[in-house]
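The values are calculated or read from the model by the stated rules, or taken from the named source; none is laboratory data. Quick caveat: nothing in here was measured; it's all calculated off a predicted structure. Ideal geometry is used to build each Cβ from the backbone, glycine not excepted, and the neighbour counts take in all protein chains shown. For the accessible areas, the whole protein counts, side chains as well, though only heavy atoms, and no ligand, DNA or RNA atoms are used. Shrake-Rupley method; radii C 1.70, N 1.55, O 1.52, S 1.80 Å.
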Amino acid sequence: MTTPATAADLAGRLRARRDAEPIANAVLARARDGALAPEHLRGMVLTELQAHHAELVAYGVGLARYAHQPATKFFTRITELVDNASPKLAACARALGLSDADLRRRVPDPAIHAFSGCLSWIAVTGDQASLALALHADMTVYFPDCVAIAAAARDAAFDVPDEFFDYYEGTASEDLLHLALEVVDDGLRRGDDPDDAVFAARLLEASIGWFWHAAVHSWS
């Protein structure tokens, strides 16, 4: 008899895939080459601002579709995380010299919207385990890369405002990561497909790679 997959198993599969086939981070690549520039930091902020609204809507979809515990607790908490972060991101944008016109800028590059589109697709068409595992992967991948970029920015040959570090040196909450896996396990017990969950999470990780690409290539 086959032992049912657990959230920890799926996270392990993703970790092994990530190690074997890492997703490129164009901003970190610039930093490692000693080529990090102010426009890359502005690109990070502007690309992230594009994603925040889509994230909040996606979490609302999760709340509507999975109106039971522990899902409601998780989607409420991750909504609060992004909502509370938005003013800090706006302050970071201002400190980097971005104007209202910059914040409203529309660039016809699909890479900017890859993360938003992928997350929205998973929220609407995926199941509970898929959405929760994708968000666990997002937090697992995104926050450490931001911390690494912030560390490189501290060593850069140009001035970086404190607001940038206030925003990008944050780390993922271990409680929230654990709660995401609880939601995955609950979805698996309800019959969600573990392979679908891994596919969705890996797809969202790939979209984060396009996020970094957009930060470098779409806003400079």
Exercise. Along each of its three principal axes, how wide is the spread of alpha-carbon positions in region 69-196, in whole angstrom units, largest first?
Worked result: 52, 33, 23
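Suppose R0 equals 30 Å; then what is the FRET efficiency for Trp121 and Asp33 from their Cβ-Cβ distance, rounded to the nearest 0.05? Can you show the working numbers first?
Details: r = 33 Å, r/R0 = 1.11.
Between Trp121 and Asp33 the formula returns 0.35.
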Problem set entry | Using distinct alpha-carbon pairs, which all enter the 1/r mean, Kirkwood radius of the chain in Å | 17.8 Å
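Leaving out ligands, DNA and RNA, what percent of the accessible area of the chain is carbon and sulfur, probe 1.4 Å? Working shown, then result.
Working: 5620 of 10450 Å².
Solvent-exposed carbon and sulfur of the chain make up 54 percent of the total.
Per the helix-only calculation at 222 nm, which mean residue ellipticity applies to the chain, given -39500 (n - 2.57) for every DSSP H run of n ≥ 4 and division by its residues, nearest 500 deg cm²/dmol? Write down the numbers at each step before the final one.
On the way: 10 runs with 168 residues, N = 220.
Result for the chain, helices only: -25500 deg cm²/dmol.
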Exercise. Per residue, how many Å² of accessible area does the chain show with a 1.4 Å probe?
Worked result: 47 Å²
Exercise. Ratio of Rg to Rh for region 1-107, alpha carbon only, Kirkwood?
Worked result: 1.08
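Scanning the chain for helices, which whole DSSP H stretches are 24 Å or more long along the axis (Cα) and average -0.5 or more by Kyte-Doolittle? Before the final figure, lay out each step's value.
Numbers: long enough: 38-65 (41 Å, 0.12); 71-95 (36 Å, 0.14); 128-154 (39 Å, 0.93); 194-217 (35 Å, 0.45).
Helices passing the filter in the chain: 38-65, 71-95, 128-154, 194-217.
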